[in-house]
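Engineer: Below you'll find the structure I mean.
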Amino acid sequence: MPVLMVEDLHVAVDSKAELEVIHGITIEINAGETVCLVGESGSGKSVSSLATMGLLPKGSLKVTKGRILLDGENLLDLSPSQLRDRRATRMSMIFQEPMTALNPVIKVGEQIEEVLQAHTKLSNAETHAKVMDMLEQVGLPDIERIARSYPHQLSGGQRQRIMIAMALVLEPRLLIADEPTTALDVTTQKQILKLIKELQEKHGTAVLFITHDMGVVAEIADRVYVMNQGDLVESGEVKQILSSPRQDYTRRLLSSVPSLVPRASRPVIRKKLALQVTELNKVYGRGGFLSKAKTTHAAREVSFNLTAGRTLGIVGESGSGKSTVARCVMRMIDPTSGGIRVGGQEISGLTRKGLHPFRKRLQMVFQDPYRSLNPRLTIEESIIEGPVNYGTPPKAARARAGELLELVGLPASAAKRYPHMFSGGQRQRIAIARALAMEPELLVADEAVSALDVSVQSQVLELLTEIQERTGIAILFITHDLRVAAQICDEVAVMRRGEVVEIGETADVLGNPQHEYTQALLSAAPGRDWDFANFRPVAA
């Protein structure tokens, strides 16, 4: 008997039963099996998992038809209290963002203990021993210290391990993992995927893994279900889906995955230096006369040049110093020492007032367009705010806003709408249009496509390349995704613990890495053995 059997599941908007978001899907998972549910945002992946867990938002969505069988028991027939009991003891879920799932004011060890106290009759000593054992199983160092830590005192990878420990502490039959590695760098991602697999083999858990990352699918899946707009469009063994997809949608999804093989280097057409960083240092926590505060060297002697019309990528793990360098370049934080020259002019030592004339020459696109756009302003108001502040007449700024929206692939009529009316990919296009409204010489993109589906990601990357060819703008591209770096960057700098360990043409650095750290990053990239666009394994 399958551990989980979802039969003919229909989910609809609560107030309009005729408005369905899930149209009769059927999914089966056996003990010890990993099934990946893939598709773009809005395909219904997460709604399916929330329906299984009984966590659909009340008043918004409801199950209108079908059965959800966990070891033969229909979860839809259970009372709320029975369902709460099943969530911890027989099924559990790992969410994408552990900072929103963990209580920020309770130590992580105590949060795991709460699960045991609610569902077992273990003594305090037995509960503590079980928590310590689980923290050790998920590969955390110094487990006593970790248990006494609050979520904000841990790294993203450590927080995700806490979530896994909490989910598996009662050895559930079913584990649902909803995009648990999307925001993690490749080495941490590899560790988390390996950990889930090891714990699954140890406990015989059935795993439903929800993702839009086809590299992860190639790495861990036994079978795959592909969803599109609430329908299951294709399913099968992982090798069959990757090598001979039957549906056009699946083929488009796979073809959108960027290749790890670097694109050919573009010739240097413009020789003007847009950005020159020289021996940049950033130190946090320097002590005073009597203090012994611990210091962190977030950036150490970082140097590079970026020519107009070119893209330089900075890659590395979380904590490597990528974003610190980007923020120093943007002068969002002050460098401790070193030089930053934009268009030949030094800006590293300028005051806030002195930086004002340079602000329009430097623009940034952030990772999360949900938070970088003001929800109370229309799209037009967001785009024209900067130019108007720098003296552009409002009428001219509005006309330019319409042109920029069309440049990024949106209709000019979208200008009067608000951010919540757009998808994530569309919002990121709007953020790019807003940055370009200032006609900058340098665009800094900090993980600007990491949260996007592969097909939307592909569109945004093409858009950036087209804009660069038209305008000659220089782009400093911060990313932990080596596939993205391979396809958009002319040059790559690899950072580790604040230092640049390797820098050069992308074809050289990613095609023939010399430093052992770069080699380790490439070997950790999920799906590195597959050529997704051509539906075949990479030739040995």
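Read the figures in this text as sums done on the coordinates, not as results from a lab. Worth saying up front: this structure is predicted, and the values here are computed from it rather than measured. Note that each Cβ is placed from the backbone with ideal geometry, even for glycine, and that neighbours are counted across all protein chains shown.
Engineer: If packing is taken as the average count of other Cβ atoms within 10 Å, what order do 247-254, 372-379, 160-167 fall into, highest mean first?
Structural biologist: So the peptides 247-254, 372-379, 160-167, ranked by packing, come out 160-167, 247-254, 372-379.
Engineer: For the pairs 107/282; 395/416; 16/65; 121/194; 58/121, flag any whose C-alpha to C-alpha distance is greater than 21 Å.
Structural biologist: Distance filter (> 21 Å) returns 107/282; 121/194; 58/121.
Engineer: Show me the GluC sites (Glu not before Pro) within the stretch 130-205 that DSSP assigns to loop and that have at most 11 other Cβ atoms within 10 Å of their Cβ.
Structural biologist: Filter output for the stretch 130-205: empty list.
Engineer: Using the Karplus curve 6.51 cos²θ - 1.76 cosθ + 1.60 with θ = phi - 60°, work out ³J(HN,Hα) for each residue of the stretch 461-469 in order, rounded to whole Hz, and write x for Gly and Pro.
Structural biologist: 5, 4, 4, 4, 5, 5, 4, 5, 5
Engineer: Still on this structure, I have one more. Give a quick list of trypsin sites (Lys or Arg not before Pro) in the stretch 40-98 that DSSP marks as loop, anything other than H, G, I, E or B, with at most 10 other Cβ atoms within 10 Å.
Structural biologist: Counting only loop positions with at most 10 other Cβ atoms within 10 Å, the trypsin sites (Lys or Arg not before Pro) in the stretch 40-98 are 58.
Engineer: If you don't mind, another one. Could you pull out every one of the lysines with an alpha carbon less than 21 Å from that of residue 190, ignoring same-chain neighbours closer than 8 positions?
Structural biologist: Leaving aside lysines fewer than 8 places away in the same chain, those within reach of residue 190 are 202, 239, 322.
Engineer: Using label points projected 7 Å from each Cα along Cα→Cβ, tell me how many nm separate residue 499 and residue 353, to one decimal.
Structural biologist: 4.1 nm
Engineer: Once R0 is set to 30 Å, what does the formula 1/(1 + (r/R0)^6) return for the Cβ-Cβ distance between residue 155 and residue 301, expressed as a FRET efficiency to the nearest 0.05?
Structural biologist: 0.80
Engineer: To continue, here is another question. Taking 7 Å along the Cα-to-C-beta vector as the label spot, tell me the residue 377-residue 534 distance in nanometres, rounded to one decimal.
Structural biologist: Calculated label separation equals 4.6 nm.
Engineer: Tell me the relative contact order for the stretch 367-439 as a rounded percent, counting alpha carbon contacts under 8 Å between residues six or more apart.
Structural biologist: 45 percent
Engineer: Quick one: dipole size for the stretch 102-171, taken about the Cα centre, charges +1 on Lys/Arg Cβ and -1 on Asp/Glu Cβ, in debye to the nearest 20.
Structural biologist: Dipole of the stretch 102-171, to the nearest 20 debye: 200 debye.
Engineer: May I pose another question? So how do 92-103, 433-444 stack up, highest first, on mean other-Cβ count within 10 Å?
Structural biologist: 433-444, 92-103
Engineer: Let me ask something additional. Tell me what the chain gives for mean residue ellipticity at 222 nm when only DSSP H runs of n ≥ 4 count, each as -39,500 (n - 2.57), the sum divided by the residue total, rounded to 500 deg cm²/dmol.
Structural biologist: -11000 deg cm²/dmol
Engineer: For the ranges 477-484, 513-520, what's the packing order if you count other beta-carbon atoms within 10 Å of each residue, average per peptide, and put the highest first?
Structural biologist: Taking the mean over residues of other Cβ atoms within 10 Å, the ranking is 477-484, 513-520.
Engineer: Could I have the simple spin-label model distance between residue 263 and residue 194, label points 7 Å from Cα toward Cβ, reported in nm to one decimal?
Structural biologist: That separation, rounded to one decimal, is 3.3 nm.
Engineer: Then there is this: How much length would be gained if the chain were fully extended between residue 247 and residue 71, taking 0.36 nm per residue of separation minus their Cα-Cα distance, in nm to one decimal?
Structural biologist: In short, 60.2 nm is gained.
Engineer: Moving on to the next point. Report the full-extension gain for the segment residue 412 to residue 41: residue separation times 0.36 nm, less the Cα-Cα distance, to one decimal in nm.
Structural biologist: Extending this stretch completely gives an extra 131.1 nm.
Engineer: Given 0.36 nm per residue, what is the gain on full extension from residue 26 to residue 99 after removing their alpha carbon distance, in nm?
Structural biologist: So the extension gain works out to 23.1 nm.
Engineer: Any idea what the relative contact order of the chain is, in percent, if you count C-alpha pairs under 8 Å spaced at least 6 apart?
Structural biologist: Reported as a whole number, the value is 16 percent.
Engineer: Further question: Which value, in debye to the nearest 20, gives the size of the charge dipole of the stretch 137-237 about its Cα centre, when Lys and Arg are +1 and Asp and Glu are -1 at the Cβ?
Structural biologist: Computed about the Cα centre, the dipole is about 480 debye.
Engineer: Oh, and also: I'd like the antiparallel share, as a percent to the nearest 5, of DSSP beta bridges with both residues in the chain.
Structural biologist: 55 percent
Engineer: Still on this model: Taking every eigenvalue of the Cα gyration tensor of the chain, multiplying by 5 and rooting it, what semi-axes result, largest first, whole Å?
Structural biologist: After scaling each eigenvalue by five and taking roots: 41, 29, 24 Å.
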